[in-house]
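This report concerns only the one structure given below.
The values are calculated or read from the model by the stated rules, or taken from the named source; none is laboratory data. Note that the structure is a prediction, hence the values are computed from the model and not measured. For neighbour counting, all protein chains shown are included, and Cβ atoms are generated from backbone atoms with ideal geometry for every residue, glycine included. Heavy atoms of the whole protein, side chains included, go into the accessibility calculation; ligands, DNA and RNA do not. Shrake-Rupley method; radii C 1.70, N 1.55, O 1.52, S 1.80 Å.
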Amino acid sequence: MADSVEVTAKKIRKLQVQGARNVAIAAVKALQTQAQQTKAKTKQQLIAELKVAQTLLAAARETEPLMRNAMYYIITQTQNAETTKIEALKETVVGSADNFLKDLDASRERIAEIGAKRIRDSSVVFTHCHSSTVTRLLAKAKEQGKNFKVTCTETRPAFQGRITAKELVDLGIETTFIVDSAARTFISEVDIVIVGADAITSEGNVVNKIGTGGLAVLAREARKPFYVVSELLKFDPETLGGECEKIEQRNPAEVWAEAPKKLTVRNPAFDVTQNRYIHGFICEEGIIAPQTVMEVTRKRFPWLF
Ligand code: RUB
């Protein structure tokens, strides 16, 4: 059985589970565990329990709409189930969670297939942070026998770029590792920039690891195409109602543990990349323009709106 809701929330908070997709998968599995272990006797009690879990998990990282959308889907399926029998409802939670995870896998595979076509032989790809979706796309291109190199940033302060670098080296991809502030120096040597996403807004902007927005501006200046790979379910429906995507502010000690007492250290986890810097979203429906993301998402996932 997967970790409990409490253990999962703690792991997510501490970045032991990181990346939007991995966070969502962990949360979905935690809801399954909750349903399997529940002592609830009525539908009302079970739903109430799931909602407490939903609040706890969502608060573990606030810039993760994929996790929120996943939990919303599972709980809504359970609420809408035409039964009050507790065993059947538990099965609904587990079954809809399994379906969600299966679809998520299929989406990533489709994204990898579509995106791999943009990796040309002898090209250099630039990426930032660690996105399991980007890694899968690069792995797919490598499986297809393409010969390319990757440059990746270390991604201060939590060094997720090291995860990317290790994965790419293990895949046999020639990889160059640089400090974040060297991005401008190396951007002229690359052919394409590909990053992941944590959130997509109704305007087609992207929220991703801090530094992504600056990288997009650099890519524009250097005339390099900048692509975002993302499952459409990273779309945040709340942004349609006027809410701004909340940017998680992490512990300043991650930046400098022994900082002087009177120093202000700030540590936002993410930033916003505006749609005008994005060549395209590589998603499960194809490569689409930022301005169309909301409509494409609405068509594929009407339950989200
Ligand atoms: C990770 C990050 C990733 C996205 C997409 O930030 O910004 O680019 O989450 O990842 P953190 P994926 O390490 O703070 O979670 O493609 O795996 O969903």
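Amide H to amide H under 5 Å from T176: which residues, 5+ apart in sequence or cross-chain, H placed 1.01 Å off N in plane?
HN-HN under 5 Å from T176: V150, T151, C152.
How would you order 91-100, 241-250 from highest to lowest mean count of nearby Cβ atoms within 10 Å?
By packing density, highest mean first, the sequence is 91-100, 241-250.
Just the number, please: carbon plus sulfur as a percent of the accessible area of the chain, 1.4 Å probe, no ligands or DNA/RNA counted.
Carbon-and-sulfur percentage of accessible area, whole number: 50.
Over all Cα pairs of the range 127-273, how is the pair count split among 5 Å bins, expressed in % and running from 0 up to the last occupied bin?
All Cα pairs considered, the percentages come to 2, 9, 17, 20, 19, 15, 10, 5, 2, 0, 0.
Could you compute the FRET efficiency for L171 and A222, with r as their C-beta to C-beta distance and R0 at 22 Å, rounded to 0.05? Could the numbers behind the result be given before it?
Working: r = 26 Å, r/R0 = 1.19.
Taking R0 as 22 Å, the efficiency between L171 and A222 is 0.25.
Which value, in Å², gives the accessible area per residue of the range 5-109 when a 1.4 Å probe is used on the protein heavy atoms?
Value returned for the range 5-109: 47 Å² of accessible area per residue.
As a quick test, which of the pairs K10/K209; K209/K234; K51/K209; K117/K142; K146/K224 have an alpha carbon distance above 22 angstrom in this structure?
Cα-Cα > 22 Å for K51/K209; rest within.
Averaged per residue, what accessible surface does the range 117-304 expose to a 1.4 Å probe, in Å²? Please report the intermediate quantities before stating the final value.
Numbers: 8920 Å² over 188 residues.
Per residue, the range 117-304 has an accessible area of 47 Å².
Can you give the % of DSSP beta bridges in the range 117-304 that are antiparallel, to the nearest 5? Walk me through the numbers before you get to the answer.
On the way: 10 of 28 bridges.
If I count the DSSP bridges inside the range 117-304, around 35 percent turn out antiparallel.
What residues qualify as long-range amide H neighbours of F235, i.e. H under 5 Å apart, gap of 5 or more or another chain, H built at 1.01 Å from N?
I200
Quick check on packing: order 192-204, 14-26, 30-42 by the mean number of other C-beta atoms within 10 Å, highest mean leading.
Descending packing order for the listed peptides: 192-204, 14-26, 30-42.
Hey, could you pull the Cα Rg and Dmax for the chain, both in Å?
19.8, 62
Give me a comma-separated list of calculated 3J(HN,Hα) values for the range 170-179, in order, Karplus coefficients 6.51, -1.76, 1.60 applied at θ = phi - 60°, integers in Hz, x for any Gly or Pro.
Result, ordered by residue: 4, 7, x, 9, 5, 10, 10, 10, 10, 6 Hz.
Report the one residue of Q144, V272, T201 whose Cα lies farthest in the direction of the positive end of the charge dipole of the range 117-304 (charges on C-beta: Lys and Arg +1, Asp and Glu -1; origin at the Cα centre).
Selected residue: Q144.
Which of the aspartates and glutamates could be linked to K166 by a straight reach, that is with a Cα gap under 19 Å, when you skip same-chain ones fewer than 8 residues away?
Those aspartates and glutamates meeting the cut-off are E143, E154, E174, D180.
My understanding is that a pair violates if its Cα-Cα distance is over 26 Å; which of K11/K246; K102/K246; K14/K41 do that in this structure?
In this structure, K102/K246; K14/K41 lie more than 26 Å apart at Cα.
Using θ = phi - 60° and the Karplus relation 6.51 cos²θ - 1.76 cosθ + 1.60, list the HN-Hα couplings for the range 289-305 in order, rounded to whole Hz, with x at every Gly or Pro.
With the stated coefficients, the range 289-305 comes to 6, x, 5, 9, 4, 5, 5, 5, 5, 4, 5, 7, 10, x, 5, 7, 10 Hz.
HN-Hα J couplings of the range 67-83 from phi, Karplus 6.51/-1.76/1.60, θ = phi - 60°, integer Hz, Gly and Pro as x?
Residue by residue, the range 67-83 yields 5, 5, 5, 4, 5, 4, 4, 5, 5, 5, 4, 5, 4, 7, 4, 8, 8 Hz.
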